[in-house]
1. Which residue pairs have Cβ atoms closer than 7 Å, lie 6 or more positions apart in sequence or on different chains, and pair a first residue in region 359-377 that is under 16 Å from residue 317 (Cβ atoms) and in contact (Cβ under 8 Å) with a residue 60 or more places away in the chain with a second residue that is assigned to a helix (DSSP H, G or I) and open to solvent by 50 Å² or more (accessible area, probe 1.4 Å)?
2. I'm trying to understand the selection: among the residues of region 279-326, which are without any contact (Cβ under 8 Å) to a residue 60 or more places away in the chain, surrounded by 16 or more Cβ atoms within 10 Å (Cβ to Cβ) and part of a loop (DSSP other than H, G, I, E, B)?
3. Looking at region 254-264, can you tell me whether even one residue there is among the acidic types (Asp, Glu), touching a residue at least 40 places away in the same chain (Cβ under 8 Å) and in a helix (DSSP H, G or I)?
4. Counting only residues that are under 21 Å from residue 43 (Cα atoms) and of a type in the set (A, V, I, L, M, F, W, C), how many does region 382-418 have?
5. Can you find a residue that is within 28 Å of residue 27 (Cα to Cα) and among the aromatic types (Phe, Trp, Tyr) anywhere in region 266-273?
6. List, please: which pairs have Cβ atoms under 6 Å, are six or more places apart or on different chains, and start with a residue in region 13-32 that is over 14 Å from residue 123 (Cα atoms) and open to solvent by less than 30 Å² (accessible area, probe 1.4 Å) and end with one that is in a loop (DSSP other than H, G, I, E, B) and among the acidic types (Asp, Glu)?
7. How about region 403-418: which of its residues are assigned to a helix (DSSP H, G or I), among the aliphatic types (A, V, I, L, M) and open to solvent by less than 30 Å² (accessible area, probe 1.4 Å)?
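The values are calculated or read from the model by the stated rules, or taken from the named source; none is laboratory data. Keep in mind the model is a prediction, meaning the values are calculated, not measured. In this analysis, Cβ positions are derived from the backbone assuming ideal geometry, glycine residues included, and neighbour counts consider all displayed protein chains. Side chains included, ligands, DNA and RNA excluded: accessible areas come from the protein's heavy atoms. Shrake-Rupley method; radii C 1.70, N 1.55, O 1.52, S 1.80 Å.
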Amino acid sequence: MSGVANATPGETIARPRLWVVSELYYPEQTSTGYFLTGIAEGLADSFDVRAVCGQPTYSSAGTVAPRREKRHGVAIFRMRGMRFPKDRLVLRLFNLLTLTLATFFFLLRHVRSGDRILAVTNPPSMPPLLALVIKLRRARGVLLVHDVYPEVLVATRMLLRQSLVVRVTGRVMKAAIAAFDHVIVLGEDMAALLLNNRGVAPERMSIIPNWGDTAAIVPADISVNAIARQLGAQSKTIIQYSGNIGRTHDIELVLEVARRLESRDDILFLFAGEGGKMPLVEAEARKTGSNIVVLPRQPAESLPELLSCATATIIALPPGMTGISVPSRMYNVMAAARPIISVGDKGSTLSKTVCDGDAGWYCDADPALLQSQIEEIATAEGHGVAKVKGANARRLAESRYTRGAVIGQFLSLMRSIA
């Protein structure tokens, strides 16, 4: 970038090439696709940004996007790969393998010496081969950690901690991470985990959080909320769980509390989204009756209405998830001026954000304690406290977790990787 200052009038200076590599990208609206699209487009004024991704397989599954297109200053290259249903693990693995290999060979042909690569850890098959591209093509690499592998597979009980697969995968990921010039993590707990488990030195890491859409998500009172009105719940305490309802969330705990509060007709549990644990929610809703409502994943334009219909939102992480993943949904919840009930480890980024900003409550993963907390919120005084904490959450989102602030941090970092 220093060449810009020395350019003569009228001289065109080529922008540095930046490859943004992600399985998910626009038109995907799931968290990884949404954030990587936002980052790529946010850097397009300063870099020649080229996104390498797959076809939509999550929120926009079934859509066939152009293999090549230009959008908001970013050249998009969508790789060929198998598109079997992702709900079956073996088929999902085959999808990821074919996408990873297609991406590897594409980048091997097109990356030049001095190019920058910004890649995300999902899917876990990608970083090791990207490390090879970085070495062979003499590129510079930055790894954005959304989930720590294989630890997330252990925490969700998909693999045993002492299994050969976990031990080998851990060594492979450690070597892959070492090949990148810099590592971006989402919180202090994730930085500590990578230091302890992968030996990543603090000077090689930066903490850059995700953001909330403070422009599109405008706080609104529940009394004028269309979803609350449709549910006939404007006068009720609505406890919401929205977004990915998958293996990395302690849905069983929340359902247990809903069962305990089944007789309370003034408390409604609203689940909205999709994921591997949604069948548990749907089955419980059929059994318990009227205190659990299930909505499908809502389109992006309905997100402000959905988030604003809650009195409070629960985000519950199971034991062992601290540092492995940081739930990005919390930033949009805060943007909606709704308080968060953080369940899990008190040292997690989620819990520390909520507690330090007085943007909600922390609760141990105990059904009796969570039940008591919800009953307290359901009082007239509790509703008043929830509004105060929700206002605190909105101020926190506006001051620290906006798209502009986060993109600014990415821009500073990527300029320093030369």
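1. Once the first residue is under 16 Å from residue 317 (Cβ atoms) and in contact (Cβ under 8 Å) with a residue 60 or more places away in the chain and sits in region 359-377, its partners that are assigned to a helix (DSSP H, G or I) and open to solvent by 50 Å² or more (accessible area, probe 1.4 Å) give 367/256; 367/260.
2. 291, 298
3. Of region 254-264, the ones among the acidic types (Asp, Glu) are 256, 262.
Applying the additional criterion that residues be touching a residue at least 40 places away in the same chain (Cβ under 8 Å) yields 256.
Filter once more, keeping what is in a helix (DSSP H, G or I): 256.
Within region 254-264, one or more residues are among the acidic types (Asp, Glu), touching a residue at least 40 places away in the same chain (Cβ under 8 Å) and in a helix (DSSP H, G or I).
4. Adding up the residues that qualify gives 9.
5. Within region 266-273, the first condition is being within 28 Å of residue 27 (Cα to Cα), and the residues that meet it are 270-273.
This time we only want the ones that are among the aromatic types (Phe, Trp, Tyr), so: 271.
Yes, some residue in region 266-273 is within 28 Å of residue 27 (Cα to Cα) and among the aromatic types (Phe, Trp, Tyr).
6. Listed pairs, sorted by first residue: 17/115.
7. Taking region 403-418 as the starting set, the residues that turn out to be assigned to a helix (DSSP H, G or I) are 403-416.
Subset that is among the aliphatic types (A, V, I, L, M): 405-407, 411, 413-414.
Result: 406, 407, 413, 414.
Yes/no matrix, rows are residues, columns are (1) in contact with a Lys or Arg (Cβ under 6 Å, 6 or more places away or on another chain); (2) closer than 23 Å to residue 298 by Cβ; (3) open to solvent by 20 Å² or more (accessible area, probe 1.4 Å):
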{"residue": "162", "(1), (2), (3)": "no, no, yes"}
{"residue": "199", "(1), (2), (3)": "no, no, yes"}
{"residue": "210", "(1), (2), (3)": "no, yes, no"}
{"residue": "231", "(1), (2), (3)": "no, yes, yes"}
